[in-house]
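The values are calculated or read from the model by the stated rules, or taken from the named source; none is laboratory data. Just so it is clear, the model here is predicted, and its values are computed rather than measured. Here the Cβ is made from the backbone with ideal geometry for all residues, glycine too, and neighbour counts use every protein chain on show. To get the accessible areas, we keep the full protein, side chains included, count just its heavy atoms, and leave off ligands, DNA and RNA. Shrake-Rupley method; radii C 1.70, N 1.55, O 1.52, S 1.80 Å.
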Amino acid sequence: MSVPAHDAADLGRLIVQGADGPGIVSSVSSLLSQVGANIVSLDQYSTDPAGGRFFQRTTFHLDGLPDRMATLEDELDKALGALGLGYRLVEARRPKRVAIMVSKADHCLLDLLWRQRRGEIHMNVAMVISNHPDLGDDVRGFGIPFFHVPVDKGGKAVAEKEQLKLLKGNVDLVVLARYMQILSGEFIEEVGAPVINIHHSFLPAFIGAGPYLKAKERGVKLVGATAHYVTEDLDEGPIIEQDVVRVSHVQTAADLQRRGADVERQVLSRAVAWHCEDRVIRDGNQTVVF
């Protein structure tokens, strides 16, 4: 998945989805051509050519795009509205504002911060929120604000209220980088941004504490991770990315956990990068990833 330079001020992305039908690709291409845009890349997919769902991601260059966004949106409203399609129009140069929530495990958090610093993920991490103070110094070492919001027993509602004060209106994405608390439905509804989670891929097997020890005792041959969007149904949201590594009887439970942490880092970083590049389109409880 090659990506054009993010810093091109006149580079835009158009995400289209809705009921499939004839003429969609032609209509989008014609409209962009009429306004003087040059299509850089175009990916499209239909679940069924007869009555299916249609998805398209188009990257284009248009001189003066920042000043022409409102006019272009008006044109898209008319053209795509007539076809019953929804769309998102974004400036590629604008990085997503991201908040990371974490508990005590640092592997996914530090990987994301490192990749941001190296420019590998087109995002600005606005803050890190944790229910423990342990990782504060590590986060501040990256020059990123760290907020400790403890979750006392029976005090989840109070903690989530404080978290929402920090998040609402300030971020485009929330990433749970091994945040070991279950978010309430009210939090998910009110936060105003998608939420991505990462966990080991044994689920629904080996649920709860010590999954790698339980997996070792069962003699698993694969260790993996799953990144998905968060919904009210625990760990059942639309899957963005998964991966596995092969293991054998010679690995200890600690070995399995280390290898699992490696996969978690890779899977979460890919999921976050793809989301930040507008490559992921949600469709019910599934995703299309271009």
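Points to keep in mind about this one:
- Complete set of residues in the stretch 236-271 that are assigned to a helix (DSSP H, G or I), exposed (fewer than 15 other Cβ atoms within 10 Å of the Cβ) and hydroxyl-bearing (Ser, Thr, Tyr): none
- Restricting Asp233, Asp278 to those that are assigned by the TED database to the domain that holds Leu167, closer than 19 Å to His122 by Cβ and in a loop (DSSP other than H, G, I, E, B) reduces the list to Asp278.
- Look at (1) at pLDDT 95 or above; (2) charged (D, E, K, R); (3) in a helix (DSSP H, G or I) and you find that Lys216 fails only one, number (1).
- Pair list, Cβ < 8 Å and 6+ apart or interchain, from the stretch 240-258 residues that are in the same structural domain as Ile198 (by the TED database) to residues that are open to solvent by 80 Å² or more (accessible area, probe 1.4 Å) and assigned to a loop (DSSP other than H, G, I, E, B): Arg246/Lys221; Val247/Lys221; Ser248/Lys221
- Filtered by the rule that a residue be part of a helix (DSSP H, G or I) and among the polar types (S, T, N, Q), the stretch 93-127 gives a lone residue, Gln116.
- Beta carbons closer than 8 Å, at least 6 apart along the sequence or on distinct chains, pair a first residue in the stretch 76-93 that is under 15 Å from Phe54 (Cα atoms) with a second that is assigned to a helix (DSSP H, G or I) for Leu80/Ser27; Leu80/Val28; Leu83/Ile24; Leu83/Ser27; Leu85/Ile24; Gly86/Leu80; Tyr87/Leu76; Tyr87/Leu80.
- Of the criteria (1) over 19 Å from Val280 (Cβ atoms); (2) assigned to a loop (DSSP other than H, G, I, E, B); (3) among the basic types (Lys, Arg), which one Arg68 fails: (2)
Results for (1) surrounded by 15 or more Cβ atoms within 10 Å (Cβ to Cβ); (2) within 17 Å of Val102 (Cα to Cα); (3) of a type in the set (Lys, Arg), shown as yes or no for each residue.
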site	(1), (2), (3)
Gln163	yes, yes, no
Leu183	yes, yes, no
Glu186	no, no, no
Glu190	no, no, no
Ser201	yes, no, no
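- Helices (runs of 4 or more DSSP H) lying entirely in the stretch 128-207 (those with 2 or more residues that are under 24 Å from His107 (Cβ atoms) and in contact (Cβ under 8 Å) with a residue 12 or more places away in the chain): 136-140, 156-167
- Restricting Gly136, Gly169 to those that are open to solvent by 10 Å² or more (accessible area, probe 1.4 Å) and either over 14 Å from Met101 (Cβ atoms) or not charged (D, E, K, R) (or both) reduces the list to Gly169.
Okay, residues lined up against (1) out of contact with any Cys (no Cβ under 9 Å at 6 or more places or on another chain); (2) within 23 Å of Gly284 (Cα to Cα); (3) of a type in the set (Ser, Thr, Tyr):
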site	(1), (2), (3)
Ser41	yes, no, yes
Asp48	yes, yes, no
Asp134	yes, no, no
Phe142	yes, no, no
His148	yes, no, no
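- Hey, Ile281 within 21 Å of Ser103 (Cβ to Cβ) and at pLDDT 95 or above or not: no
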